[in-house]
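Engineer: Handing you a structure now.
The values are calculated or read from the model by the stated rules, or taken from the named source; none is laboratory data. Computed from a predicted model, the values in this text were never measured in an experiment. Backbone-built Cβ (ideal geometry, glycine too); neighbour counts: all protein chains shown. Keep in mind that these areas ignore ligands, DNA and RNA; they rest on the heavy atoms of the full protein, side chains included. Shrake-Rupley method; radii C 1.70, N 1.55, O 1.52, S 1.80 Å.
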Amino acid sequence: NIDWVTENVNRYFETFRIRGVIIFGHALRSPQSRSFFEGIAPVFLSYPERAWVPVLYLHGDGHEWTIDTRFSSQLSWTNYRDVQVEQGALADPCIVEVAPVVNGFMIPLAAEHELQHVFGNGLFR
């Protein structure tokens, strides 16, 4: 719920250097779940140091691969992506990589073929 996300995001930002957030879910983003995402957006967008943090919502339920940016455009939340994976048992696994940090610097990831997507200035692939 919104309170749980708000509490944990606030707690981790106070304690750690957060480079990105991945939210795993099942339900696709729909009119019924829109209020949840509208509720968590200010947790990131209301703080200048958080607005640049990439947020990835990774879920199933739609049974086809899509990357939706309509919601991020509607809220001017440029660092949010809604990624829907293909039908679980019938599709290849979805592998999510997070760029490493070496000597204090992130080594950005790049797409190695047309099936890979990079987000967050190379943080997620």
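Engineer: Just to be sure before I move on: is Leu75 more than 18 Å from Arg17 (Cβ to Cβ), hydrophobic (A, V, I, L, M, F, W, C) and surrounded by 13 or more Cβ atoms within 10 Å (Cβ to Cβ) in the structure I sent?
Structural biologist: In short, yes.
Engineer: Sticking with this one: Can you run down the residue pairs with Cβ atoms below 9 Å, 6 or more apart or on separate chains, where the first is in region 1-24 and over 26 Å from Val85 (Cβ atoms) and the partner is open to solvent by 100 Å² or more (accessible area, probe 1.4 Å) and assigned to a helix (DSSP H, G or I)?
Structural biologist: What qualifies is Phe13/Glu49.
Engineer: Can we say Pro93 is surrounded by 11 or more Cβ atoms within 10 Å (Cβ to Cβ) and outside any strand (DSSP E or B)? Break it down into steps so the answer makes sense when it comes.
Structural biologist: Working: surrounded by 11 or more Cβ atoms within 10 Å (Cβ to Cβ): no; outside any strand (DSSP E or B): yes.
So Pro93 fails the test.
Engineer: For residues in region 26-45 being under 15 Å from Ile2 (Cα atoms) and hydroxyl-bearing (Ser, Thr, Tyr), which is modelled with the lowest pLDDT?
Structural biologist: Of all residues in region 26-45, those under 15 Å from Ile2 (Cα atoms) come to 29, 32-45.
With hydroxyl-bearing (Ser, Thr, Tyr) added as a condition, the list becomes 33, 35.
On the way: Ser33: 83, Ser35: 90.
It comes out as Ser33.
Engineer: While we're here: Whether any residue in region 69-84 is in a loop (DSSP other than H, G, I, E, B), touching a His at 6+ places or on another chain (Cβ under 9 Å) and over 19 Å from Val5 (Cβ atoms) is what I want to check. Break it down stepwise before answering.
Structural biologist: First pass over region 69-84, keeping only residues in a loop (DSSP other than H, G, I, E, B): 69, 76-79.
Right, trim to touching a His at 6+ places or on another chain (Cβ under 9 Å) and you get none.
No; the residues of region 69-84 include none that is in a loop (DSSP other than H, G, I, E, B), touching a His at 6+ places or on another chain (Cβ under 9 Å) and over 19 Å from Val5 (Cβ atoms).
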